[in-house]
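First the structure, in the form of structure tokens, and then the observations on it.
The values are calculated or read from the model by the stated rules, or taken from the named source; none is laboratory data. The structure displayed is predicted, hence computed values, not measured ones. Here the Cβ positions follow ideal geometry from the backbone for every residue, glycine too, while neighbour counts run over all protein chains shown.
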Amino acid sequence: MDHYMNGVSRFRWLIVALWLATASFSLFALPDLQSIVRKTEQKFLPSDAESVQATQLMQRINPSVRALSNAVIVVSREKGLRDADLRWIEQLLELLESKKTELHISSVLSAQSHPELAERLTSEDGTTRLAVVSMPEADFEDATKVTLNELKGLLKSVPQGVSAVLTGSAPLSQDFQQTSETGLRRTELLTIGLVILILLFVFRSPITPIIPLFTIGTSFVISRGLIGMSAGFGVPVSHFTESFLIAVLFGAGTDYCILIVQRYREELRTGTDGNRLAAMTRMMKGVTPTIVFSASTVFAAFLLIGFADFGLYRSAVGVAIGMLVTVLAALTLAPAMLLVFGKACFWPLRQSNSSERESPKLWARLASLTSRRSAIILLSTFIILAPLTLLFQGKRSFDDISEINPELGSVVGFRLVERTFSPGEVFPVTMVVTSTASMRTTSGLAALEQASSDLTRVDNVGEVRSAVRPLGRKPEQLTIPGQLRKPNVEDLIESMIKDQRLMIEGLQTLASSAAPLSQGLIGIVPAIRQLENGFSKLIASQLGGIGRVTGSNENAGRGPGSIDSVSGANEQALDYYISPDGLTTKIEVILESNPYSDSSINSIPVISERLRDSLASTAIADPSVFVTGVSAKYYELRGISYRDFVYTGLLVLAGITLVLMLLLRSVIAPLYVLLSLGFNYWITMGILEFAFVKVLGYPGLSWTVSFFIFLIIVALGVDYAIFLMARFKEEYRPGGVVEAMSTAMRKTGGVIGSAALIMAGAFGALGFSGMDTLVQIGIGTLIGLLLYAVLFIALVVPSFAFLLGESNWWPFRKQADKK
């Protein structure tokens, strides 16, 4: 360490210059993280997820049209659309059709282009009409953004009294991005402002805060560029990445700088030679292991979530890169800055060699209290706080619409459609069915009708649309002139009659058998009746929709019930819902509830199972069902996120346990530290859920909140335990547990309090982001970190140490004694 600090002292100006140059290179030469996030926001589901496969299969239905995103034009007048309004809509749609190539539009679905769907695209009260514009690029692509801006420009010419807005996947995604970026900028400013105020309060100097601010600011700029670059190599990023990067780096990084500065002050006060370099060397010997192990827990926690399946969770792995940069800066740049400032570092305060200001008196009193009343403190803490854990019921909300500024057009449009149509109209559940044989047959259409009918009887299903019922109603008749070959139909009927005769003959033979079988026949009769009903339904489904059957023997080669074309609107319905080869079709289910609600999400497995059961008994060959849509995706995400929480949570705890064991050379001490962290997490979640659900009326906490609060509270909360326990280990002498812990509390209490205040402030700034998820994470982290520092580090963890005595170091007590 002496040689290292001599080098830092000798090249302190060069070290500062190199860090500054690296930050400049990162800022101007490396990829911009925010730009990358704009293009990769939604790529979070695993590639083998059912909804992802369904989306890919849907491309087969209309392979000539590339449609990766859509926008819904919502035109409304409060007292009903007038003829002039409808003419304006027609002119708008004609313009869009004529400029499809110029505007990068794949297709336009409207009452004008598809008259058979006019009723579906107009609200029952006549106040609202919809048109769906499909675009060839994904929601976050620049081309899609340009198209949306062009559409918004065209909507400005709307007649007086008429409202025209855009909603749908692309507008909602773009507005979500705008809301998150606005919140991010607000969070950045608040975080920096709060950190400056807290540092001024802690150090009581305008000079000292420059050191952590410059150190962490440089680290942040470099980390941001490195994460942007690593995204090109497959590291996932999201709007959470930069938000967490700011909070963690300015929180944890500033904590490390405070530890360095405060320990440096302590060494200057207690040193007898007045040599600043010697004091710096002693300081670095003392804090380097603490900082390295402390940062290791944060690094390990964020690195290990890279093993999660869910991309949104994995997008926080970039924070691990930031922690590496921050630790390197804390151990090189911060000491160099202290040496650069020299005596002016603590101006205007004068440095004294006395140890009178060694620590706050409060922590000395807490040390005395916990050493004398350890068991009582532990028992009373549990009795008082345990009921708070019961407030956490795990209620979650998947409504991402609530994350977006409600005044933006996409949300206004979505709420309007929700009121005037069905809540699930904008985001229907799409069920993709594949088969090994064409479904463009009478038997295939009859099977789809039966499946559609079965789905309408499921709770929460408002409407079912498919090739045989494009308007959501059961068709009175399928008119297929000249498409079915007469000999084939006659053969089909003759075959079924023949099978019935054979069955009757078999039953007569069975009835004439020995008497013991007569009782068995009684049980068979109901089954025969069901079988007869089944035959009747089969014949009805084959023939009920056929109007006129014509043809000749020369055209019989296409097989039974094949369809060449369907007249009128039915042809368009088939092409819209069934692929050209007939092997893929889609069924749209409009749910009665909000697509983001628990009711809609819980409906997914029910309708999926009902469709599979319905198709299993039809003529469709080897049917497979894939479900997609907002509700379906969140159903999958709910399962994936829960499994990831359990799996990665255990990995994070294991990683932190290993770091603590290596640092403390003990098995017992890490266990009660982890126990305190876990108890603190449940208390925090109980308070947070009570505040947002019971008091503020939210349906639940945002669905990612519990995972990220666990990650942050455990990974960052353990830092304070490391600050205390590392000093405890440093001060320990055989038989001196009470003295060692009391000294550790006195000397680190002030640092821990300041560090917790800064960390809580950094995450508390997220509470002003304007996005429910970040607000809840910010407030939850603020509660959890302050609670852990004030209660658990001040009372619970020391009480465990005092109570266990020499057992703190089990099973390495002998090695500790040799010290």
Task: Pick from the range 92-128, criterion acidic (Asp, Glu) and more than 20 Å from Thr167 (Cβ to Cβ), ranking: surrounded by the most Cβ atoms within 10 Å (Cβ to Cβ) - done: Glu116
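Quick grid of which residues meet (1) under 23 Å from Ile15 (Cα atoms); (2) among the hydrophobic types (A, V, I, L, M, F, W, C):
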residue	(1), (2)
Ser223	yes, no
Met229	no, yes
Glu242	no, no
Phe250	yes, yes
Open item on the list: Quick check on the range 203-250: of everything there that is buried (at least 24 other Cβ atoms within 10 Å of the Cβ) and in contact with a Cys (Cβ under 8 Å, 6 or more places away or on another chain), which residue is modelled with the lowest pLDDT?
Closed with: Thr208
- [ ] Specify the residue that is surrounded by the fewest Cβ atoms within 10 Å (Cβ to Cβ); the eligible residues are those in the range 451-475 that are among the β-branched types (Val, Ile, Thr) and within 21 Å of Ile620 (Cα to Cα).
- [x] Thr456
Task: Test result for Tyr672, in the same structural domain as Arg727 (by TED's automatic domain parsing), out of contact with any Lys or Arg (no Cβ under 9 Å at 6 or more places or on another chain) and surrounded by 17 or more Cβ atoms within 10 Å (Cβ to Cβ) - done: yes
Task: Only listed residue being more than 30 Å from the chain's Cα centre (by Cα) and either outside any helix (DSSP H, G or I) or within 30 Å of Phe233 (Cβ to Cβ) (or both), chosen from Asn6, Asn62 - done: Asn62
Open item on the list: Among the residues in the range 432-447, are any surrounded by 23 or more Cβ atoms within 10 Å (Cβ to Cβ) and under 28 Å from Leu166 (Cα atoms)?
Closed with: yes
- [ ] Name the single residue, out of those in the range 149-193 being of a type in the set (D, E, K, R) and surrounded by fewer than 21 Cβ atoms within 10 Å (Cβ to Cβ), that is nearest to Leu130 (Cα to Cα).
- [x] Lys152
Open item on the list: If I go through the range 410-422 residue by residue, how many of them are surrounded by 19 or more Cβ atoms within 10 Å (Cβ to Cβ) and under 26 Å from Leu774 (Cα atoms)?
Closed with: 4
- [ ] Among the residues of the range 126-144, write down those that are modelled with pLDDT of 90 or more, touching a helix residue (DSSP H, G or I) at 6+ places or on another chain (Cβ under 9 Å) and farther than 15 Å from Gly168 by Cα.
- [x] Thr127, Thr128
Open item on the list: Looking at Leu637, Leu615, can you tell me which residue is in a helix (DSSP H, G or I) and at pLDDT 90 or above?
Closed with: Leu615
Open item on the list: Tally up the residues in the range 365-385 that are in contact with a Leu (Cβ under 9 Å, 6 or more places away or on another chain) and either acidic (Asp, Glu) or surrounded by 12 or more Cβ atoms within 10 Å (Cβ to Cβ) (or both), please.
Closed with: 8
Open item on the list: Quick check on my filter: what residues within the range 644-674 are of a type in the set (A, V, I, L, M, F, W, C), under 31 Å from the mean Cα position of the chain (by Cα) and over 20 Å from Ala295 (Cα atoms)?
Closed with: Phe645, Val646
Open item on the list: I need a count of the residues in the range 91-120 that are touching a Ser or Thr at 6+ places or on another chain (Cβ under 9 Å) and in contact (Cβ under 8 Å) with a residue 12 or more places away in the chain.
Closed with: 14
Open item on the list: When you scan the range 257-278, do you find a residue that is of a type in the set (S, T, N, Q) and under 29 Å from the mean Cα position of the chain (by Cα), even just one?
Closed with: no
Open item on the list: Can you find a residue that is in contact (Cβ under 8 Å) with a residue 12 or more places away in the chain, within 31 Å of the chain's Cα centre (by Cα) and not in a helix (DSSP H, G or I) anywhere in the range 293-309?
Closed with: yes
Open item on the list: Between a residue in the range 12-34 that is modelled with pLDDT under 95 and any residue that is not in a helix (DSSP H, G or I) and not aromatic (Phe, Trp, Tyr), which pairs come within a Cβ distance under 8 Å, given they are 6 or more apart or on different chains?
Closed with: Pro31/Gly232; Leu33/Val237
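Yes or no, residue by residue, for (1) buried (at least 19 other Cβ atoms within 10 Å of the Cβ); (2) in a loop (DSSP other than H, G, I, E, B); (3) not aliphatic (A, V, I, L, M):
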residue	(1), (2), (3)
Val37	yes, no, no
Ala67	no, yes, no
Val75	yes, no, no
Arg87	no, no, yes
TODO: Check Phe25, Phe11 and return the single one that is under 18 Å from Ala330 (Cα atoms) and in the same structural domain as Pro335 (by TED's automatic domain parsing).
DONE: Phe11
Task: Search result, residues across the range 1-58 that are among the polar types (S, T, N, Q) and over 24 Å from Gly228 (Cα atoms) - done: Asn6, Ser9, Ser51, Gln53, Thr55, Gln56
TODO: Filter the range 95-138 down to the residues that are β-branched (Val, Ile, Thr) and part of a loop (DSSP other than H, G, I, E, B), then identify the one that is farthest from Pro159 (Cα to Cα).
DONE: Thr101
TODO: Only residues in the range 742-767 that are over 15 Å from Met725 (Cα atoms) count as the first member; pair them with residues that are in a helix (DSSP H, G or I) and acidic (Asp, Glu), Cβ under 6 angstrom, at least 6 apart or cross-chain, and list the lot.
DONE: Ala755/Asp255
